[in-house]
Amino acid sequence: MKVAIRKATTQDFPAILSLIMELAEFEKASEKVTNRVEQMESEKDLFGCFVAETEENGIVGMALYFFAYYTWVGKSLYLDDIYVKESVRGHRIGKELLKKVFEVADEEGCKRVRWQVLNWNSPAIEMYRKCGAEIDDEWLNCSFEHEAIRNFRI
C-alpha cells in the first residue's frame, strides 16, 4: 500500500473532522465533539496537521498538533490527536505520521513533544513505547469545557 504523508489544507478539513469523529467513537466519547469545519477554518492558524492519503482510500489518517510552552522546558509541541482508520492499520502509517510531527518539532526547536493516550488503548501504548515514548501514570488531566470556563468562580 502506497501512502503519502502531507501537510493538510483547508480542503482536507471535512475529512479530518470525519477522522476526529471516528476517533471519538473509538474512545466512546463522540458526544463530546463540538468542533465543526467552519470553526477549524476560522482557527486554522492555531494548529498544524498532517494527513495520510492513499490513492485507493483517500485520507486514511491524520496527526493534529499545536505549539505550547511548558515552564520547565520551554517551547514544545503538543500532539492533540493521531488517528489511522482501522482498515489500514498495521502499515506503519501511524509511525510515519509521528515521524512528520517529530520533524516539525525538531525544525521548530521544540524541547518536548507531548500527547495523551487512554490507559486502555494497548495497541497505541505499545506503538508509543516501541518508538521510545515515556508514558507517565502519575499525572492526571484537568479540563474545563466551554460552559464551565464561562462560569468559573473561586
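Descriptive notes on the structure:
- Think of it as helices only: each DSSP H run of n ≥ 4 in the chain is worth -39500 (n - 2.57), and spread over all residues that comes to -9500 deg cm²/dmol at 222 nm.
- Net length available on complete extension from ASN151 to GLU107 is 11.9 nm, with 0.36 nm assigned per residue and the Cα-Cα distance removed.
- Sorted ascending by nearby beta carbons within 10 Å, beginning with the fewest, MET1, MET127 become MET1, MET127.
- Filter on LYS2/LYS95; LYS2/LYS100; LYS85/LYS111 - keep pairs with C-alpha separation over 18 Å: LYS85/LYS111
- ³J(HN,Hα) computed for each position of segment 84-99 - Karplus, 6.51 cos²θ - 1.76 cosθ + 1.60, integer Hz, glycine/proline x: 10, 4, 4, 5, 10, 5, x, 10, 6, 5, x, 5, 5, 5, 4, 4
- As a rough footprinting exposure proxy, the listed residues CYS142, CYS49 were ranked by other beta carbons within 10 Å of their own, and the order from fewest upward is CYS142, CYS49.
- For the pair PHE26 and ALA133, label points projected 7 Å from Cα toward Cβ lie 1.1 nm apart.
- Prolate/oblate/rounded call for segment 98-154, Cα gyration tensor, a/c under 1.5 rounded: oblate
- For the chain: rounded, prolate or oblate by the Cα gyration tensor [a/c cutoff 1.5]: rounded
- Counting beta carbons within 10 Å around each of ILE149, ILE5, ILE82 and listing the fewest first gives the order ILE149, ILE5, ILE82.
Every read-out reported here was derived from the displayed coordinates using simple, explicitly stated rules and does not represent laboratory data. Remember, predicted model here, so these are calculated numbers, not experimental data. FYI the Cβ positions are ideal-geometry reconstructions off the backbone, even for glycines, and counts take in every protein chain you see.
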